[in-house]
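> Next up is a structure, given as structure tokens.
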Amino acid sequence: MPDSSRPADADGPPSGEATYAVGGSKPLAAAKAGFAAAAAAAPAPPGISAVFVTHGMGEQIPFETLDLVAEGLRAADARQRGVDPSSLPAPVARSVAIDGERLQRLELRLQGSDGSEREVHVYEGYWAPLTEGEVNLRDVVAFLFRGAWNGIWNAARKKGFRRWLFGRYPLLDVPASIVLVLAAALAVIAGLAALNAAVALVTIARSPLKDPPRWLDDPLFSDLTTLMNVFVALAFLFAVVLGLAKLARHGPVFLRRLTGVAAIVALSLLCGGTALAGASLPILFWAHIRCAAADAGRGIMPHVLGDSFVATFNRDFQIGALGVLGLALAYLLAAGAYRLLAGAVREVRAGGSRAVVYFLGLTGVAIFLACLAGEIRAALGLCREVTSLPLVRRGISWPLLFGISAWIRSLLVQYPGDLAAYVTPQALDRFQKLRAEIKETVWKRARAVYAAGRDDGNGLLYGRCAMVGHSLGSVIAYDTLNRLIQEDEAAPGGGKEPILRLDVVARTPLFLTFGSPLDKTAFIFGVAGKRTTEAREALAASVQPMICDYRFRPRRWVNVFSPWDIVSGSLDFYDLPGSSDSRRVENVRDPLASTLLAAHLEYWKNPLVFEILHKELSR
């Protein structure tokens, strides 16, 4: 919408006009009055459509989401044409200035359902840099604890879970098992926190630069090591099973089901082991330090599990861990040597002068590895004579745990961290300003796309704009679409004058969400809590026109989910129970997103999402 407060003689194109640039800028529209008349005209025919996609949580590389959507649409278009995707023209990249916003887009042509060509422009609501470095591990753990506890309270309430929908305050059905699931999640979070604290404490206390403290004697260290070995073994088992499930994703159905069940069993063992280990740690510390429960030179774990089992398990773990580390190191060295050799061969074939440098480098690497292997062999021979060697070998899990702990911390900050920064909590937090900045950034870019005008000044550029959101991006896209609809309704004249309206609902034929946690944000992290009331729920719904009246819904809202994706799910809290309205949420299961946990990212590699989007754009 044009900015009515802008002076008529202000420099640059009026708000709402587009400046297209490829290595420069070129004004396309001329006057504010002319644009107002153009906006009042009918939208462009569906020959030119726009796709506005909002990425999810985690480390997102600039333009990565744009590329994924464009390539997915090209592949879907190639399937419809019956040709190879590489035979189709590559998307055209442009940098454009629209309504004061600098945007990047990819342009491609799709075959319409009638055989004609349809031009499509893909834009991105990029917000990842805004949260980088803003969230720490303490914020994430507190957010997860708060969300799990609030979900347990909502599920356990006698009156059930209520949510304001379409002028009503219905009682929504929530599975009774959700309480057990959330309680288990709380136990796992607590276990991970305890394990992380123990790893940091023991690693510092057992530093090779100083003698260990008196409280960390050999019996306690042995018990802690046995406990950590069990955790690492369960984590390794789950990683192996998950890898096999990922390899079997495109295999026969029975194999996918078999590996899927195995992944669920492995994850259950890992979660149970994590919770049990977290609960056992304080007991071990208390028993050793306060009660002196261990015999001299003997820990508590042998009392519980038996001396023979503990000794055999630790020995096998040491051998297995050293073997896995050796294989991993050998693989990395072999891969590096192969790349160097392949580069040298290419240089020789091309007649380049750098071939000599490559071969000298290979020779130096070979000499270095030979010397290193000799030194390691001599060091191992010397270590065999050191009486502390069994203790050193027994503690091999600690460096592994240190690396695993750092990796888990990074994952928690990068993925749930974005969720903690954006999703509105039950109480005020320090992310209020950041949350508003994310919403403002994505809204400005989406509004600019809807307000883009034609080159000839005759109407709007895009007759249709599809909104797409993955993961947390679906939540942001939902908020953005609601705000755009609200602004349309708040236009001068009570929404009756079309001059300043963008007609967002009419021009948005598809709202496509996949891997979406919208139901979880409504139930676990929403305003429903201990002191919620019908009035408070109505106020919360007032900024969400899409759950107030179906006339504010796009023609289709399609939600793609997978039961193997713990983040997403079927969206059941955005329609009245039993609703038969044609604009209710269409929940579609992606059968190829079948790897436990990893299914959250597999939507991008599967055809379903892009088939749905292509079908809508090619109408």
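The values are calculated or read from the model by the stated rules, or taken from the named source; none is laboratory data. Here the structure is a predicted model, which is why all the values come from computation and not from measurement. As a convention, Cβ positions derive from the backbone with ideal geometry for all residues, glycine included, and neighbour counts pool all protein chains shown. Calculation scope for accessible area: heavy atoms of the full protein, side chains included, ligands and nucleic acids excluded. Shrake-Rupley method; radii C 1.70, N 1.55, O 1.52, S 1.80 Å.
> Answer yes or no: is there a residue in the range 296-309 that is part of a helix (DSSP H, G or I) and modelled with pLDDT of 85 or more.
Yes, some residue in the range 296-309 is part of a helix (DSSP H, G or I) and modelled with pLDDT of 85 or more.
> Among the numbered criteria (1) open to solvent by less than 50 Å² (accessible area, probe 1.4 Å); (2) among the small types (Gly, Ala, Ser); (3) modelled with pLDDT under 85; (4) under 22 Å from the mean Cα position of the chain (by Cα), which one does ALA446 miss?
Only one criterion is unmet by ALA446, namely (3).
> Being touching a Leu at 6+ places or on another chain (Cβ under 9 Å), more than 26 Å from THR441 (Cα to Cα) and not charged (D, E, K, R) is the filter here; which residues of the range 76-125 pass it?
Of everything in the range 76-125, those that are touching a Leu at 6+ places or on another chain (Cβ under 9 Å), more than 26 Å from THR441 (Cα to Cα) and not charged (D, E, K, R) turn out to be ALA76, ALA78, GLN80, LEU88, PRO89, ALA90, LEU110, GLY112.
Matching residues to (1) at pLDDT 90 or above; (2) in a helix (DSSP H, G or I); (3) basic (Lys, Arg); (4) surrounded by 15 or more Cβ atoms within 10 Å (Cβ to Cβ):
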site	(1), (2), (3), (4)
SER15	no, no, no, yes
GLY23	no, no, no, no
ALA37	no, yes, no, no
PHE52	yes, no, no, yes
ALA78	yes, yes, no, yes
VAL83	yes, no, no, no
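> Could you list all residues from the range 109-147 that are open to solvent by less than 10 Å² (accessible area, probe 1.4 Å) and more than 17 Å from the chain's Cα centre (by Cα)?
The answer is LEU110, GLY112, VAL120, HIS121, VAL122, TYR123, GLY147.
> Something else now. Given the residues GLU124, GLU117, GLU101, which is the only one that is among the acidic types (Asp, Glu) and at pLDDT 90 or above?
Matching residue, one of GLU124, GLU117, GLU101: GLU124.
> For the range 75-92, indicate whether the set of residues that are aliphatic (A, V, I, L, M), under 27 Å from PRO517 (Cα atoms) and touching a strand residue (DSSP E or B) at 6+ places or on another chain (Cβ under 6 Å) is non-empty.
no
Yes/no matrix, rows are residues, columns are (1) open to solvent by 10 Å² or more (accessible area, probe 1.4 Å); (2) without any contact (Cβ under 8 Å) to a residue 40 or more places away in the chain; (3) over 19 Å from PHE166 (Cβ atoms):
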position	(1), (2), (3)
ILE566	yes, yes, yes
PRO577	yes, no, no
VAL585	yes, yes, no
VAL588	yes, yes, yes
LEU597	yes, no, yes
ASN606	no, yes, yes
LEU613	no, no, yes
SER618	no, no, yes
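> Could I ask something else about it? Quickly run through the range 506-540 and pick out the residues that are among the hydrophobic types (A, V, I, L, M, F, W, C), modelled with pLDDT of 60 or more, closer than 18 Å to ASP575 by Cα and crowded, with 19+ Cβ neighbours inside 10 Å.
Hits for the range 506-540 are LEU510, PHE511, LEU512, PHE514, LEU518, ALA522, PHE523, ILE524.
> Does any residue of the range 201-219 turn out to be touching a residue at least 24 places away in the same chain (Cβ under 8 Å) and under 33 Å from the mean Cα position of the chain (by Cα)?
Within the range 201-219 (the criterion being touching a residue at least 24 places away in the same chain (Cβ under 8 Å) and under 33 Å from the mean Cα position of the chain (by Cα)), the answer is yes, since at least one residue qualifies.
> Further question on the same structure: Among the residues that make up the range 86-95, is at least one of them surrounded by 18 or more Cβ atoms within 10 Å (Cβ to Cβ), under 29 Å from VAL423 (Cα atoms) and not polar (S, T, N, Q)?
Checked against the condition, which is being surrounded by 18 or more Cβ atoms within 10 Å (Cβ to Cβ), under 29 Å from VAL423 (Cα atoms) and not polar (S, T, N, Q), the range 86-95 yields no hits at all.
> May I ask you to verify whether ALA176 is outside any helix (DSSP H, G or I) and surrounded by fewer than 19 Cβ atoms within 10 Å (Cβ to Cβ)?
For ALA176, the condition - outside any helix (DSSP H, G or I) and surrounded by fewer than 19 Cβ atoms within 10 Å (Cβ to Cβ) - is met.
> Search the range 408-420 for residues that are within 14 Å of ASN196 (Cα to Cα) and pair each with any residue that is of a type in the set (D, E, K, R) and assigned to a loop (DSSP other than H, G, I, E, B) when their beta-carbon atoms are under 7 Å apart and the residues are at least 6 apart or on different chains.
So the pair list comes out empty.
> So, one more: Select from the range 214-229 the residues that are under 19 Å from LEU322 (Cα atoms) and open to solvent by 10 Å² or more (accessible area, probe 1.4 Å) and write down the one among them that is modelled with the lowest pLDDT.
Residue satisfying both the conditions and the ranking: SER222.
> Still on this structure: Surrounded by 13 or more Cβ atoms within 10 Å (Cβ to Cβ) and modelled with pLDDT of 80 or more, is that true of GLY320?
So GLY320 passes the test.
Let's see how each residue does on (1) closer than 29 Å to ALA275 by Cα; (2) touching a helix residue (DSSP H, G or I) at 6+ places or on another chain (Cβ under 8 Å):
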| residue | (1), (2) |
| --- | --- |
| TYR126 | no, yes |
| VAL135 | yes, yes |
| TRP149 | yes, yes |
| PHE166 | no, yes |
| ILE178 | yes, yes |
| VAL181 | yes, no |
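> Shifting gears a bit: Looking at ALA245, ALA198, which is the one that is under 25 Å from the mean Cα position of the chain (by Cα), surrounded by 18 or more Cβ atoms within 10 Å (Cβ to Cβ), assigned to a helix (DSSP H, G or I) and not charged (D, E, K, R)?
Testing whether each residue is under 25 Å from the mean Cα position of the chain (by Cα), surrounded by 18 or more Cβ atoms within 10 Å (Cβ to Cβ), assigned to a helix (DSSP H, G or I) and not charged (D, E, K, R) leaves just ALA245.
> Assess whether ASN150 counts as being surrounded by fewer than 15 Cβ atoms within 10 Å (Cβ to Cβ) and touching a residue at least 40 places away in the same chain (Cβ under 8 Å).
no
> Something else: Based on what the data block shows, is ALA33 surrounded by fewer than 16 Cβ atoms within 10 Å (Cβ to Cβ) and either part of a loop (DSSP other than H, G, I, E, B) or at pLDDT below 90 (or both)?
Yes; evaluated as a whole, the condition is true for this residue.
> Take LEU502 and decide whether it is modelled with pLDDT of 80 or more, within 30 Å of ASN458 (Cα to Cα) and part of a loop (DSSP other than H, G, I, E, B).
yes
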